[in-house]
1. On the basis of being free of Cβ contacts under 8 Å to residues at least 60 places away in the same chain, surrounded by 15 or more Cβ atoms within 10 Å (Cβ to Cβ) and in contact with a Phe, Trp or Tyr (Cβ under 6 Å, 6 or more places away or on another chain), does B:Leu172 make the cut?
2. Quick check on this structure: which one of A:Asn87, A:Asn43, A:Asn49 is polar (S, T, N, Q) and farther than 30 Å from A:His439 by Cβ?
3. Considering only region A:247-330, give the helices (runs of 4 or more DSSP H) lying wholly within it that have at least 3 residues that are assigned by TED's automatic domain parsing to the domain that holds A:Asn156 and in contact with a Gly (Cβ under 9 Å, 6 or more places away or on another chain).
4. Which one is nearest to B:Leu79 (Cα to Cα) among residues in region C:20-32 that are at the interface with chain B (Cβ under 7 Å from one of its Cβ atoms), assigned to a helix (DSSP H, G or I) and not β-branched (Val, Ile, Thr)?
5. Could you list, in sequence order, the residues of region A:14-57 that are within 30 Å of A:Glu78 (Cα to Cα) and small (Gly, Ala, Ser)?
6. Please find, among A:Leu727, A:Leu663, the residue that is over 30 Å from A:Val72 (Cα atoms), part of a loop (DSSP other than H, G, I, E, B) and either at pLDDT below 85 or in the same structural domain as A:Lys479 (by TED's automatic domain parsing) (or both).
7. Can you tell me which of A:Thr38, A:Thr90 is out of contact with any Leu (no Cβ under 8 Å at 6 or more places or on another chain), of a type in the set (Ser, Thr, Tyr), under 29 Å from A:Pro329 (Cβ atoms) and modelled with pLDDT under 85?
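The values are calculated or read from the model by the stated rules, or taken from the named source; none is laboratory data. If you're wondering where the values come from, they're calculated on a predicted model, not measured in any experiment. Heads up, the Cβs are rebuilt from the backbone with ideal geometry, glycines too, and the neighbour counts pull from every protein chain shown.
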Amino acid sequence: MNHATQHLGPTVVHAAGYLWLIPLFPAVGAIINSLLGTRIQRNLGKRWNHAIAIGMMTLSFLTALRAFAQMVALPGDERFLQNTLWNMLTAGQMQFDLAFALDPLSMMMVLIITFIGTLIHVFSVGYMADEPSYWRFFAYLNLFVFAMLLLVMGDNFAVMFFGWEGVGLASYLLISFWYTDIEKAQAGMKAFVVNRFGDFGFILGLFLLFWSLGGIWEPRADARSVTYVPEIGYKADPAAQNPFESTGPRAVVVDGHAVKVGPTLNFRELRDQVVIEATGVGEHLRHQKLWGVALLTLVGMLMFVGAMGKSAQLPLYVWLPDAMAGPTPVSALIHAATMVTAGVYMVARLSYIYAMSPTAMGWVATIGVLTAFFAATIGFFQYDIKKVLAYSTVSQLGIMFIGVGVGAYWAGTYHLLTHAFFKATLFLGSGSVILGCHHEQDMRKMGGLKKLMPVTAWTYLVATWAIAGFPWASGFFSKDEILWKAFTQRGMELFGVPAPWLGPAIFVIGILAATGTSFYMFRSYYMTFTGHYRGGAGHDEEHGEDPHSAHAAPHHAPAAAHAPAAAHGHDDHAAHGHAAPAAAHGVHAAPAHATHAAPAHDDHGHHGGPPHESPRSITWVLATLAFGAVAVSFLGIPLLWTGHAPILEHWLAPALPAEVTFLHFGHATEWLFQGMGVAAATIGWFFAMKLFKDGQSRVPHDLKHRFFGFWTVVYNKYYVDEAYHALVIRPSLFLAAFLSWFDQHVIDWLVNFAGWLARVFAAIDDAIDKYVVDGAVNGVGGLTREGGRVLRRIETGRIQTYLYGAAFGSLLVVLLNFLFR
Amino acid sequence: MRTKTKLVAWTLGSAAVVGAVGVLSALLSPAMAAGATRPLAGTFTLADGIFYAVAALTVAGAAAVAFSRNILYSALGLLASLLGAAGLYVFLSADFVAVAQVFIYIGGVLVLILFAVMLTNRIGEVNISNSTMGWASAAILCAAMLGLLLVVAFDVPWPVRVTGGAPTTAPLGHALLQQWLLPFELASLILLATLIGAIIIARKEIRAD
Amino acid sequence: MIPTLSHYLAVAAILFALGLFTVLTRRNAVAVLMGVELMLNAANVNLVAFNKFMVGGLAGQTFALFVIVLAAAEAAVGLAIVLSIFHTFKTIDVRAADLMRE
């Protein structure tokens, strides 16, 4: 494929003063709905709540389209739109502005976010129709889109990090949207806490990168050094021979362009100084070491820890399956299409940093492929339709990280795009199924829905084709490109050790994961949509809790085995359910419907009766997304087929300036590998069809009993949650208990001891006082008493105590600084 | 009768201060007319004298805050210290900040503090209302902190670059409404929130009484 | 011997230390607030002095103004809380307000 050219110039910036509008609209929607939402809902009806939210999303999408039009009109290597609002902070060499920028990469992300976001808002109208706090949902959704847009549009790390944390917040709010349910509230907390771990790594990497850009180095001979004067721009510095000794912002002139160098938070400035060889920054970075480890490797690995948290990679993936506690549109938007891909976006955005460190690349790709395989195997045995999709998302994110890890940045990003479409379709399809089945999520209680919900079934099938990787559905092109690139990549290292075998190994495991993906996705399709309806009547479970937590699983196993056998008598059950709608649900939904606009929604005011197709707002969204899942394949038809570079690769090239070398193989090999991709998909599909079509085969049941131990382990997700519980949560609880015990016994004892000591001293003091009437002794006694008092004050909770700590600590830090100068 | 004695003492003290200021100004006014930078003795100019006087006022006031046993004297010490700081601002050619200091701190904050003192202490208990604790350790810590700060102040070779002493009020106004518009508006918002918050916090309890 | 930057820094250092001492030793919440005001003033003197002697322009003075504004806000809320504590506990000893300890 065509690699980035050898001599890259500085980014050409085009001003676009309207970019701030793109995130502004969702922010306005969030503000209106959060401040006035309850009144709007009460006085004007729910339709105004969603009208505001969807309207803002549409405006945002249209503005993004406008930016897209402007960008397309520019020459290929000048596609960079920038909009600075104002300076937020300047401290030394660090400066950050509230500024937005769009390059082809972030443009693609913005279009995904606003387009799919708008569709999911529309979907939510139908899905959340019964929700009493409707306004809150739309306020959160808009808040999420706002934060996500900041994340991808930020011109510097600060804005990006703001968005990075903002999406975490919105995700937390939406996962625990039904916060009265303790399990859902805990799932939200889990997501938040796990993400904190990742964010810590991310910010450490960020600081390290910022720090490493400082220092003194020599630019190449043909570059001229200048200092940067804010009002004038760049000017030659006659006084200093080496301007790097000056403290102000500095620059290097390369081919008549001034390139700002030195510590920066700005993506464009970072890219320019690193990518342009003549500045010497790349060399400088490559040769820095910290504790004997290449600094870039540390930066890359630490930042990837952030991606692990946000994008649910091993071992920090545990929050994502639990995040399915949130409403399904949230799962589709946040936990499939956009937020979880932030890590991939970040790695692609910093491609030039990662490309300089083979170890960081190997790290990313290895974690990616392990996650892809691991999550795919868990997906085999899940019965909760959303859990299947959740593990599938984890697995697909792993595939994306293979792409950006081995250096196929555009392919990883392309998989992000295709995945956004087909996974959103799958999630929304599952949402439609869940809605149709009256908040039932267990696939064992579904089946035969194809006749009852044709649109949902067809769109789900199309998306399943796409994710399984059949030609002409989009997943094929992206996944095969990634795996092909992994196979041809031989330059990666594992912790500093060259590992040319890593690429082929990744290919092998990746193709196994792809087979597995195809298998469990078709399994979910066949279990849900073919055969007979196995569900009963109305349920009393609120909003479809996960019916099988890890501990409960063995108890459920017999029931599961029973389900296919009982498939015959189901007509009675359906009739029964029809006749007796659950009264409790009807009551809570009734007031909501009084104000609701669309009459099509009325039929799910009662929970019960047979499954039914979802309202038109839902089916239209599904159809659009399924169409998109096929249509985006045109962006990535490989070179092999057409003789041209894929449209998307060409489009993204200016934003991904990393230079990565791949081995070259003949066309025949490449055709062969594509054939292997199709074969993998077909094998998975074939077995899924044999085993699960129409729910007739008893083979799965038998197999499960044959390998029941293995099944139990995988079904319980390899007991990872339990391991976390034992290894992380239990010790920290124990530590807390221990500290509490320590506080109660040791500290109290110390305090008592100090008091006793003070008394003893006072007594001695008294005794001595009798013989040696000396003021100094009085002073000692007083000091001891003071000491006792200070010791006792350690646990007072009084501000003064804390002030002691703060003042003493700051003194200590400054003094240490003097000492170790 | 104690209060009467005190009143007399206060009056006499104030009169003495006023008198001293008057005499001093009468003595110094010819020198002032001649220009403050002219040395009075050695390299010691009048400006230096005023600086040291102002600095002494500031420090003495602060010391009164820290060491006085009577909270009312502490408040008066704070007044002196704040006035001194305003004087320092004048010296630093920050005229607007000095005026703002007088208006806001002395006109606003200090009056608030005095009100709080009056509302929370029965005057008869004033003397015991300001007792201290942990005297020795605090003294050690503060001495260490002071030593460190003084070392930093005198030992660091500050790259000094004296800038002009033009009036700052108009430029400050421009800066506040252009460069610092957002913080300015945010500050107004914070003040509004403070106003409402203070009223709510204080009012509820009074009504409960 | 025009007062140099170091002189101002020294005055500010003394102010800060005395303020810290006040906050550390007083039991009276109002006196604690006074100490906080002293420390804020010390910081302010530093801001204006650095502005005058090293940076130039108006940024330091502007920040001093913002500090004054925030100090006023802090004093208002702080004293309101003191009043509230007084009405609740009938004392303004800072040691009394420790209901959150348990």
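1. Working: free of Cβ contacts under 8 Å to residues at least 60 places away in the same chain: no; surrounded by 15 or more Cβ atoms within 10 Å (Cβ to Cβ): yes; in contact with a Phe, Trp or Tyr (Cβ under 6 Å, 6 or more places away or on another chain): yes.
No; evaluated as a whole, the condition is false for this residue.
2. Values: A:Asn43 fails: farther than 30 Å from A:His439 by Cβ; A:Asn49 fails: farther than 30 Å from A:His439 by Cβ.
Exactly one residue qualifies, and that residue is A:Asn87.
3. Values: elements: A:267-275, A:281-287, A:295-310, A:319-322.
The helices (runs of 4 or more DSSP H) meeting that bar are A:295-310.
4. If we filter region C:20-32 for residues that are at the interface with chain B (Cβ under 7 Å from one of its Cβ atoms), which is where we start, we get C:20-22, C:24-28, C:30-31.
From the residues that got through so far, the ones that are assigned to a helix (DSSP H, G or I) too are C:20-22, C:24-25, C:30-31.
After this cut, where a residue has to be not β-branched (Val, Ile, Thr) as well, the list is C:20-21, C:24, C:31.
Details: C:Leu20: 17, C:Phe21: 18, C:Leu24: 20, C:Ala31: 13 Å.
So, considering only residues that are at the interface with chain B (Cβ under 7 Å from one of its Cβ atoms), assigned to a helix (DSSP H, G or I) and not β-branched (Val, Ile, Thr), the one nearest to B:Leu79 (Cα to Cα) is C:Ala31.
5. Going residue by residue through region A:14-57, those that are within 30 Å of A:Glu78 (Cα to Cα) are A:14-27, A:56-57.
Scanning region A:14-57 gives A:Ala15, A:Ala16, A:Gly17, A:Ala27.
6. Values: A:Leu727 fails: part of a loop (DSSP other than H, G, I, E, B).
Exactly one of A:Leu727, A:Leu663 is over 30 Å from A:Val72 (Cα atoms), part of a loop (DSSP other than H, G, I, E, B) and either at pLDDT below 85 or in the same structural domain as A:Lys479 (by TED's automatic domain parsing) (or both), namely A:Leu663.
7. On the way: A:Thr90 fails: under 29 Å from A:Pro329 (Cβ atoms).
Being out of contact with any Leu (no Cβ under 8 Å at 6 or more places or on another chain), of a type in the set (Ser, Thr, Tyr), under 29 Å from A:Pro329 (Cβ atoms) and modelled with pLDDT under 85 holds for just one of A:Thr38, A:Thr90, which is A:Thr38.
Residue by residue, here is whether (1) facing chain B (nearest Cβ under 7 Å); (2) at pLDDT below 85 holds:
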| residue | (1), (2) |
| --- | --- |
| C:Ser6 | yes, no |
| C:Phe66 | yes, no |
| C:Ser84 | yes, yes |
| C:Glu102 | no, yes |
